[in-house]
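**Student:** Questions regarding the structure given below will be posed in turn.
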Amino acid sequence: MIRISPSVLAADFAALGNDVKDVSDAGADYLHLDVMDGVFVPNISFGPDLIAALRKNSNLVFDTHLMITDPIRYIEVFAKAGSDIITVHYEACADIDSIIDKIKSLGCKASVSIKPATPANALFPILDRLDMVLVMTVEPGFGGQKMIESTLVKVYELRQEATRRGLELDIEVDGGITPQNAGLVASYGANIIVAGSSVFGAPDRKAAINAIRSEAEVNYCTIKL
Ligand code: DX5
Ligand code: ZN
């Protein structure tokens, strides 16, 4: 099932409540919440208080992407803020198994992300324990970048491995996704599509979400490598 997760990083921060309601009304499934600490990535965004404030007025699935160092320190606070899915970075964790345990013990879905330079098979030892993986299609840190197409082979490798093991794994892609390339990313096996600029920046957000969804649905898992 294809899900669309607009990233609030591209929303109007002075009108955030309205913008979130707007993409919800426009058909978004998830809300992607990019948390950056200025250490793991060279940018600072927002923290748990903002997520808790948005939670009061939204029924979207909250898809929290923690781009922070040593995230185990903050899992509980982001779970309590209202996250449904919590993604940590493989590169930021000393003990990935403990983090997965912690996320699940708080009732959230557990997800691990890899940056463009990290191979897909880094996730193979933990794949059976994950609800979702997030393959970064840009270097994390900023919205509005161009998708790095060479990252997509990792989506394919993860989809193949999950299918081989009989896992119903969600594979999310994040960075530079538009209606023009959503079919391509889905063809490699991605089923959760993050889109920041191409949704919040679109003149017609509903049309943008519909276009991303229909391109992804038609092309899902069609590539043969
Ligand atoms: C990048 C973030 C992305 C970003 C996506 O570090 O993880 O979620 O906001 O934005 P677009 O879709 O504009 O590339
Ligand atoms: Zn993100």
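The values are calculated or read from the model by the stated rules, or taken from the named source; none is laboratory data. Bear in mind the structure is a predicted one, so any value in this text is a computation, not a measurement. Positions of Cβ are backbone-derived with ideal geometry, glycine not excepted, and every protein chain shown enters the neighbour counts. Side chains included, ligands, DNA and RNA excluded: accessible areas come from the protein's heavy atoms. Shrake-Rupley method; radii C 1.70, N 1.55, O 1.52, S 1.80 Å.
**Student:** Among the residues of segment 57-112, which ones are within 18 Å of Ile44 (Cβ to Cβ) and of a type in the set (A, V, I, L, M)?
**Tutor:** Within segment 57-112, Leu66, Met67, Ile68, Val77, Ala81, Val88, Ala92 meet the criteria.
**Student:** Among the candidates Lys56, Lys109, Lys21, single out the residue that is open to solvent by 30 Å² or more (accessible area, probe 1.4 Å), touching a strand residue (DSSP E or B) at 6+ places or on another chain (Cβ under 6 Å) and either over 28 Å from Pro125 (Cα atoms) or of a type in the set (Lys, Arg) (or both). Outline the logic, then answer.
**Tutor:** Numbers: Lys56 fails: touching a strand residue (DSSP E or B) at 6+ places or on another chain (Cβ under 6 Å); Lys21 fails: touching a strand residue (DSSP E or B) at 6+ places or on another chain (Cβ under 6 Å).
The conditions single out Lys109.
**Student:** Conditions: (1) aliphatic (A, V, I, L, M); (2) more than 19 Å from Met1 (Cβ to Cβ); (3) without any contact (Cβ under 8 Å) to a residue 60 or more places away in the chain; (4) open to solvent by 50 Å² or more (accessible area, probe 1.4 Å). Val218 meets all but one. Number of the miss?
**Tutor:** (2)
**Student:** Mind telling me which of the residues Gly144, Gly196, Gly176 ends up being within 16 Å of ligand 1 (Cβ to nearest atom), buried (at least 21 other Cβ atoms within 10 Å of the Cβ) and touching a residue at least 60 places away in the same chain (Cβ under 8 Å)? Working first, answer last.
**Tutor:** Details: Gly144 fails: buried (at least 21 other Cβ atoms within 10 Å of the Cβ); Gly176 fails: touching a residue at least 60 places away in the same chain (Cβ under 8 Å).
Just one listed residue meets the conditions, Gly196.
**Student:** List pairs: first in segment 119-132 and among the β-branched types (Val, Ile, Thr), second buried (at least 19 other Cβ atoms within 10 Å of the Cβ), Cβ under 8 Å, 6+ apart or cross-chain?
**Tutor:** Qualifying pairs under 8 Å: Ile126/Ile96; Ile126/Ile100; Ile126/Val112.
**Student:** What number of residues within segment 184-193 satisfy the criterion of being open to solvent by less than 10 Å² (accessible area, probe 1.4 Å) and within 16 Å of ligand 1 (Cβ to nearest atom)?
**Tutor:** Number of matching residues: 5.
**Student:** Taking only segment 199-215 into account, find how many residues are within 16 Å of ligand 2 (Cβ to nearest atom) and surrounded by 22 or more Cβ atoms within 10 Å (Cβ to Cβ).
**Tutor:** Adding up the residues that qualify gives 2.
**Student:** Would you mention how many residues in segment 155-168 are open to solvent by less than 10 Å² (accessible area, probe 1.4 Å) and more than 16 Å from Ala216 (Cβ to Cβ)? Break it down stepwise before answering.
**Tutor:** In the first step, residues of segment 155-168 are kept if they are open to solvent by less than 10 Å² (accessible area, probe 1.4 Å); the result is 155, 158, 162.
Next, only the ones that are more than 16 Å from Ala216 (Cβ to Cβ) stay: 158, 162.
So the count comes out to 2.
**Student:** What number of residues in segment 24-52 are over 20 Å from Asn210 (Cα atoms) and surrounded by 15 or more Cβ atoms within 10 Å (Cβ to Cβ)?
**Tutor:** Of all residues in segment 24-52, those over 20 Å from Asn210 (Cα atoms) come to 33-52.
Imposing the further condition that a residue be surrounded by 15 or more Cβ atoms within 10 Å (Cβ to Cβ) reduces the set to 33-37, 40-41, 43, 45-48, 50-52.
Qualifying residue count for the region: 15.
**Student:** Also, I was wondering about something else. With the condition being under 22 Å from Asn181 (Cα atoms) and within 16 Å of ligand 2 (Cβ to nearest atom), I'd like the helices (runs of 4 or more DSSP H) fully within segment 1-81 carrying at least 1 qualifying residues. Even if it seems obvious, please write down each step before you answer.
**Tutor:** On the way: elements: 16-25, 48-55, 75-80.
So the answer is 16-25.
**Student:** Can you work out which of the residues in segment 59-105 that are touching a strand residue (DSSP E or B) at 6+ places or on another chain (Cβ under 6 Å) and small (Gly, Ala, Ser) is farthest from ligand 1 (Cβ to nearest atom)?
**Tutor:** Gly82
**Student:** Among the residues of segment 61-83, are any surrounded by fewer than 18 Cβ atoms within 10 Å (Cβ to Cβ), touching a residue at least 60 places away in the same chain (Cβ under 8 Å) and not hydroxyl-bearing (Ser, Thr, Tyr)?
**Tutor:** The answer is no, given that none of the residues of segment 61-83 is surrounded by fewer than 18 Cβ atoms within 10 Å (Cβ to Cβ), touching a residue at least 60 places away in the same chain (Cβ under 8 Å) and not hydroxyl-bearing (Ser, Thr, Tyr).
**Student:** I need every pair where a residue in segment 99-118 that is on the phi > 0 side of the Ramachandran plot has its Cβ under 8 Å from the Cβ of a residue that is open to solvent by less than 70 Å² (accessible area, probe 1.4 Å), sequence separation at least 6 or different chains.
**Tutor:** Gly107/Ala79
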